[in-house]
Structure formats: C-alpha cells, structure tokens
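The structure appears below as structure tokens.
The values are calculated or read from the model by the stated rules, or taken from the named source; none is laboratory data. For clarity, every value in this text was computed on a predicted model and none was experimentally measured. Glycine also receives a Cβ, built like all others from the backbone with ideal geometry; neighbour counts cover every protein chain displayed. These area figures cover heavy atoms from the full protein model, side chains too; ligands, DNA and RNA do not enter into them. Shrake-Rupley method; radii C 1.70, N 1.55, O 1.52, S 1.80 Å.
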Amino acid sequence: MKNIIILVIFCMTVNSALCQTVKSDDQKADSLLKIMTLDEKIGQMTQVTLGVVCTQTDGVLDTTALRKAIHKYKVGSILNVTNHALSVDQWHIVISQIQDEAMKERMHIPVIYGLDGIHGQTYTLDATIFPQNIAMAATRDTDMVRAITEVTAHELRASGVRWNFAPVLDCGRQPLWPRFPETYGEDVLLDRTMGVMAVKTYQAGGLRNSNAVASCLKHYIGYSDPRSGKDRTPAYIPEIELREYYLPPFRDAVKAGAASVMVNSGEINGIPVHASRYLLTDILRKELGFEGLIVSDWEDIIRLHTRHNVAPTARAAVVMAIQAGIDMSMVPMDFSFFDLLKEAVQKGEVTEARINESVKRILLLKLKLGLFDNPYPEKAAISQFRKPEYQEIALNAAREAMTLLKNQDHILPLDKTKKILVAGPSAQSISALNGCWTYTWQGKDERWYPSNSKTILQAVIDKAGNDHVITCTTRGFDQPENYDTDKLKKYADGADLILLCLGEDAYAESPGNIRDLALPEEQMDLAKAAISTGKPVILVLTEGRPRFITSIEPKIKGILMAYWSGRKSAEAISDVLFGDYDPDGRLPFSYPKSMGEIVLYDRKPTEDIREVFNDNISGGYDPLFPFGWGLSYTNFQYGPIRLSGDSIRGNEKLTVSVNVKNAGQRDGKNTVELYSHQFYASVTPNMKRLRAFQKIYLKAGEEKTVVFKIDKTDLAFVNAQLKTYSEPGDFELMIGDQKARFTWSR
Ligand code: BGC
C-alpha cells in the first residue's frame, strides 16, 4: 500500500513537472511572439544555406555576411555545408559563432541548425556511415535501425547539430527514381515500421534529452513516384493510391511524435505540393494531427513561380506556400523570401495571425530542443563521437543487408585455396560502396572518406591472402582501365574464378537521373567478357537501385546484392563471400527483368494475368528476383501455418504460428514474413501484402515457433470512399511456402 502511495505521489510530481515544461514552453513562445517585430518573425521563418554566411574556404564564416543574415534578416535557421563535411571541431566553431551573433540580437533567439544525416552523420568528417535505407530495409531488422539511428543522433549532437532531415519516408515504388536508395523500398509496412523506429530513436527521451535530435519526415508526400522516373518531375497519383501506399508511413511517424516535416519538391496531379493547402493543411495538419514544423525543400517556394509556373510572381509564390501551410522556407541562397513575405503582409495578402502560427511552431521546436537553455554545441557530447563500438554496428548492419540472390552449385562460400580475379569498376571504389550523402552531397569525392575505408579488393585480400587474389582493376570507379575487356580476359587465364564487381557509383538527386535501368554498356561488356572465359563468375552488385542483369544472369553462378552499405560494405561483402557470415538480407524491392516488366509484388489481380494472344509478351509478376528474396548458406524449413481458428469476428485477434527449423549445418538468421491476400473485395485486392515480419536467429538444427497476432486493421485497404477500411471476406495467409485460410466477419 505504502509503495502504491509513493508511486502515485511520484507520478503526480512527474506529471506536473512535465505539464509545467509543456506549459512553460507554450507560454514562453507566446510571450516572445507578443514582443517580436514583423521582421523578427519573418526572419524566424527564413532558412539559409551555410554558403550564404561563409567565405570561399569551407567552414570559415564570413563575419560580415553572418551579421547581415542575423541582424538585418534575423534568420532563424541555417543548414547544410558549402562543399564537404567539416570536422567536429570546425562544427563547434561554426555553430558557436552563429549562436554568438544570434545572442547579440535583442530577442536572444537561437538559430536552429539542420543537416541531412540520412545514413549516419553525412556531414561530419570521420562520422560513421551506415547502409542506405534501401539496404537497411533488406536487413528486416528494426533493432538494427534503432542502433544506427542512435549513433547518427549521437554524432549529430557531437557536431552541435540538433535537427536531422531524416528519415526519408518516400515509398520506393519507382526504381528509376535517383532517390530510390534513400527509401525503405517498395513495401508500405517496411517503410512504416522502419520509419517509426527511426523517429522514436532520434527523439528518444524527448527533444530535451541531450542525445536526441529532432527528426524531419521527408518528403511529404508522393515524391517517390514521378512518372518519368526523373527527380522533381510530375507524379500522377490518384488519391486512393496516395492513401494506400504513400500516406501511411507519414501517418505513423506523426503519431510517433515526429517534430518536423519537409515537403515534396514535386507536383502531384498538376498541383505542386508546396502549394497544396489540401495536402499540407487539410490532410497533414487536420487529418493526421501534425502540430510540428513544416519546412519547404530547397528553393521550392520560389520555384512555384520559376519552375512550376503556378504563381505569376515571386511574391505570389510565397503567399501561396504560406497559405498552403508551410512554416519555414529553405530559401536558401538569398533573403528574397524575407523581403517578399514582408511585402505580402504589408499588402494584406498574408495576415500577421498566420505568421504567428508558424513562428510559434518554430519557437516551440527551439524551446523543446533546449536551444534557449544552451544554444551552443555541448563539449560533453564530443565523447559520443566515433566510439569504437560504432564500427561494429556499421559492420553488423552491412552484413545483415547483404542479400544473396543466386548461388548455383553452391559456388559460395568461396574456397580460399582458389585463385580469384577481382574485376569491375567497384572493385576499388569506396564511393560505390557508400552512395549519396557521404561526406559530400553526391558522395563521389573519396578525398573526404576516412583513409582506412576498405575496397572490395582489399577486403578479399584480407581473407584469401595476396597469393590467391589478382586484379585487373585500378582505383576509382570511372578509370578506363576498369572497363578493359581484353585485360580482364588475359588476367582470367591465371585465375580459377572471377569476382565481378559491377553497379553504380554514388549519385544523389537529379545527377542520378537515368534513361533506363540497363547497366551501362561497358559494364555489360565486362560481364560478357568474364563469362566468355569459361571461368565461374560471381557478381557483386553495389548499387542503389536495381540495374538490369537479365541477359547475363543465366551464365553467372553467384550473385550478391550489396546495395550501398556504408563504411563497412567491403568487409561485409567479403564476410559473406567467404562464409564468415551467413547471408540473411531480403530484397526490399522486386528486381525487374526489363523496363516493360516493372510490376511490384503487391500487384493487382489483372497484373498477374497472362493474356494468351501473344506468347512473347508475358504479363504478370515475373521479376528476376521477387520482393523478399534472399538465400542463405543454411536451410530454413517452415512447418504448416497454425491458426487459432478458421474465422475471427469484429476486433478479435487471430494467432498465426509457424515452426521454423534450421535444417542446415550452419547457424543463421531468418526473417519470417507473413503475407495476406483477400480473395474478393470491393476494391481490387492486392495479390499479396506484407502484414508482419520477425527476424530470428537459429543455431544449426534448432527449431523455434514464431507467433504473429493479426486483426482486422492488418487486413484493411483504402476503399472507393478513400477510407481505410476492413471488409469482411475470406483471406489467405502465406509464410514461405506455407498457406492457410480464414474468414473475417463483422
Ligand atoms: C533535398 C532534401 C534535403 C535538402 C537539404 C534537398 O535538395 O531534397 O532531401 O534535406 O536538400 O540538404
């Protein structure tokens, strides 16, 4: 009894303390707002890039420009780097100078600094770079997402930065899109689950926690499916589809408490998202209940005038975006937004009440992040930078991402006594293992990578020894020597097998636009040359999106999809190739055969029908490797699916169990995936939808029972009235090669 009383008193105290903080943040924001001038308010809504306040030398501020930004334009936020990552010390100097200047202003409002730490802290030298989201989705390991996100938050805080423009929640349903590697792939559940984990981890313990950073969900909404596949080009997404595939990750992440949202630079159905009051205010604010900060993407407000042509003047563009619901403009190269918004308020085109709403959200975020208590980088946080254990996390994450697509005649694991020819452009490239947003925006410039980053060639030599490895490659993805087919053939004479490393060098955003997914011709020529030698060929793909290998695949013995798996990619690749790690990654997308065959796994029934009129044109889901595909060196077997009943009603839960046995000789991990299919529904049902997944570890010979509980919400879809709706009917459940049926009724 005594304990209960103490507990109640404790809870009341904690609650009232919490209430007080919440209240005082709110009150403080209101009292600041009351005394702020219009200039001060609009300044808060203005975000500029570091280049605006920097000299020509990276990381060295131009004090005159800084003073102009802070004292004349009163900017509330700065982002980005000028060219490349800075050291922790440089960040401390840069951000301290910025805050020093901000503290001289009469309102003492700190500046909020934002960076893109999308797979580790991109813009700090020596920060730990992890696999891209597409590779993290392949791990199917939400605990691993937590682990890498936590390190990212620590290394951001160590750099004095409290706002991270992550996670990317765009569902990757258009593999041509150059930002596909930043996504969690084509499935909504994976995207939702991993996104929520990222948000909760970035903000763990609340934003005042000295290890937390504010997350920024991006890019709301529908950015990832441009019709042309090119970045920032029009998407045409009917609302039923928008709500089925693109909205749920944002809905869940908002519920998880995300502090901010960045807007899609593109247009949907002819309306640029930055101008859409419907998407930003009616859906995001009112329907999803998002109360945090909405920031534009790069230059996207002015582009309503200069690119999208929906605003006849630059000022009209600003008015349009603010009325749609945006709080902060990533202007970011000048102060035009400040002048234009001020003019718009003076002319009565935007009310000061509307400005106050946005400024309050900005002040609240700064208050919650503790920036008003201490705006400066914290010295203590530096001890959280580059801890030895981060390398281990990076290695484990990369290992779990490795997805073994083919292993004919058990060619893998490799025999260390064989002589290996390492070939192909990514054999001696670091950037092709890391991809976009790695120490620079494009990730291509290896000068900024840690000097001890390994190439595939080095990691293979580490395992097999110098005597067993030869190469016809040289350092650098683009070096002509790496594409020399004659040299490859000549060197192959002295080898027992060829390890061919193909794929994509790093790219980000529009520079990564391509016309089709075919592998560049010179890489195909290399593959053909390797095959022509008659030696077994093992292909390692380091790529951010699936590039076609259809014509060469039948002649290739082993294929390892390595994605862009970060700092420890090379080590993870060689661990898998030599069998020191049992591969357990699963494809987070359908690997297509050709441009005309891009069908996603959760296709509709008629996408699966093969018309008989023309035998050569196959319809249907016929990828080279399906979503969820991934081989292991051991052998996992699934027993029959057991259900708690053959029907459930209303809100009842159905228990789904399956025994999984590791019937092979090696220990390993296996992801058990539960899919459902509704036989008949008022909206054409998906042939398959991932409803739950669990990754388990089984020793050789071990067996475990995996249990899922599902209910009607797991069976829901968006109906013709655009409501997420569970419709009574018969369902099939699928786990591996096992199937079971049940009925759900009201
Ligand atoms: C990208 C965003 C990024 C921003 C700031 C834009 O070009 O679309 O994802 O957060 O730049 O770097």
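On a 21 Å Cα-Cα criterion, which of the cross-link pairs K416/K593; K661/K699; K490/K528 come out too long? Display every interim value, and only then the final one.
Values: K416/K593 33 Å; K661/K699 9 Å; K490/K528 14 Å.
Check vs 21 Å cut-off fails for K416/K593.
Mind checking the per residue accessible area of region 36-382 for me, 1.4 Å probe, whole number of Å²? Don't skip to the end; give the middle numbers.
Details: 10070 Å² over 347 residues.
Using a 1.4 Å probe on heavy atoms only, each residue of region 36-382 averages 29 Å².
What percentage of the solvent-accessible surface of the chain, computed with a 1.4 Å probe over protein heavy atoms, is contributed by carbon and sulfur atoms? Before the final figure, lay out the partial values.
On the way: 14360 of 28040 Å².
Taking all protein chains in place, the chain shows 51 percent carbon and sulfur surface.
Using a simple spin-label model with points 7 Å from Cα along the Cα→Cβ vector, what separation in nm is obtained for E291 and N209?
Placing both labels 7 Å along Cα→Cβ, they lie 1.9 nm apart.
For every other residue with a beta carbon closer than 11 angstrom to the beta carbon of N309, add +1 if it is Lys or Arg and -1 if Asp or Glu, then tell me the sum. Working shown, then result.
Working: positive: R303, R307; negative: E267.
Charge balance near N309 sits at +1.
Taking 7 Å along the Cα-to-C-beta vector as the label spot, tell me the M103-E521 distance in nanometres, rounded to one decimal.
With each label placed 7 Å out from Cα toward Cβ, I get 6.2 nm.
Using a Förster distance of 35 angstrom, determine the FRET efficiency expected from the C-beta separation of S657 and E389, and round it to 0.05.
Details: r = 36 Å, r/R0 = 1.02.
Efficiency, from the Cβ-Cβ distance: 0.45.
Provide the percentage of antiparallel DSSP beta bridges, counting only those with both residues in the chain; round to the nearest 5.
On the way: 46 of 88 bridges.
Percentage antiparallel, nearest 5: 50.
Return one whole number: the accessible area per residue of region 638-746 in Å², for a 1.4 Å probe. Walk me through the numbers before you get to the answer.
On the way: 5300 Å² over 109 residues.
Accessible area per residue: 49 Å².
Considering all alpha-carbon pairs of the chain, what whole percent are spaced by more than 53 angstrom? Kindly include the intermediate steps, with their values, before the conclusion.
Details: 33358 of 277885 pairs.
Across the chain, Cα pairs with separations above 53 Å total 12 percent.
If the chain between E702 and R642 were fully stretched, how many nm would it gain, using 0.36 nm times the residue separation less the Cα-Cα distance?
Length difference between fully extended and current span is 19.7 nm.
Run the helix sum for the chain: -39,500 (n - 2.57) per DSSP H stretch of 4+ residues, divided by residue count, reported at 222 nm to the nearest 500 deg cm²/dmol. Please report the intermediate quantities before stating the final value.
Working: 18 runs with 210 residues, N = 746.
Computed mean residue ellipticity for the chain: -8500 deg cm²/dmol.
Counting residues in region 634-745 as N, plug N into 2.2 N^0.38 Å and put the Cα Rg over that result. Please list the in-between numbers first.
Details: Rg = 15.5 Å, N = 112, 2.2 N^0.38 = 13.2 Å.
Working it through for region 634-745, the quotient is 1.17.
Measuring from label point to label point, each 7 Å out along Cα→Cβ, what is the R277 to T57 span in nm?
5.1 nm
Considering only protein heavy atoms, what per residue accessible area in square angstrom results for region 410-541 with a 1.4 angstrom probe?
Details: 5220 Å² over 132 residues.
I get 40 Å² per residue for this part.
Using the Cα centre as the reference, give the magnitude of the dipole from point charges on the C-beta atoms of region 634-745 (Lys, Arg: +1; Asp, Glu: -1; all else neutral), rounded to the nearest 20 debye. Intermediate results must be reported in sequence, preceding the final value.
Details: 17 positive and 12 negative charges, 51 e Å.
So the dipole magnitude of region 634-745 works out to roughly 240 debye.
On alpha-carbon atoms, Rg over Rh for region 506-659 using Kirkwood Rh?
Numbers: Rg = 19.8 Å, Rh = 19.0 Å.
Rounded to two decimals, Rg over Rh is 1.04.
To the nearest µm²/s, what D does Stokes-Einstein give for region 195-317 at 4 °C and 1.567 mPa s, using the Kirkwood radius over alpha carbon pairs as Rh? Provide the component values of the computation, followed by the final result.
Values: Rh = 15.1 Å.
Diffusion coefficient, whole number: 86 µm²/s.
Taking the highest mean first, how do the peptides 649-659, 131-141 order by number of other beta carbon atoms within 10 angstrom per residue? Can you show the working numbers first?
Working: 649-659: 15.2, 131-141: 29.8.
Packing proxy ranking, top to bottom: 131-141, 649-659.
Pulled fully out, how much extra length does the chain show between N356 and D30, if you take 0.36 nm times their separation in residues and subtract their Cα-Cα distance? Intermediate results must be reported in sequence, preceding the final value.
On the way: separation 326, 0.36 × 326 = 117.36 nm, distance 0.92 nm.
Gain on stretching N356 to D30: 116.4 nm.
Which semi-axes, in whole Å and largest first, does the equivalent ellipsoid of region 36-382 have when worked out from the alpha carbon gyration tensor as the square roots of 5 times its eigenvalues? Mind showing how you got there, number by number?
Numbers: eigenvalues 158, 135, 61 Å².
Largest first, region 36-382 gives 28, 26, 17 Å.
Can you quote the Å³ per residue value for the convex hull of the Cα atoms in region 48-114, rounded to an integer? Before the final figure, lay out each step's value.
Details: hull volume 4.7 nm³, N = 67.
For region 48-114, the hull spanned by Cα atoms encloses 71 Å³ per residue.
Return the lysines within reach of K104: Cα separation strictly under 30 angstrom, same-chain partners fewer than 8 residues apart disregarded; answer none if there are no such residues.
In chain and number order, the partners are K23, K28, K34, K41, K68, K72, K74, K342, K360, K366, K368, K379.
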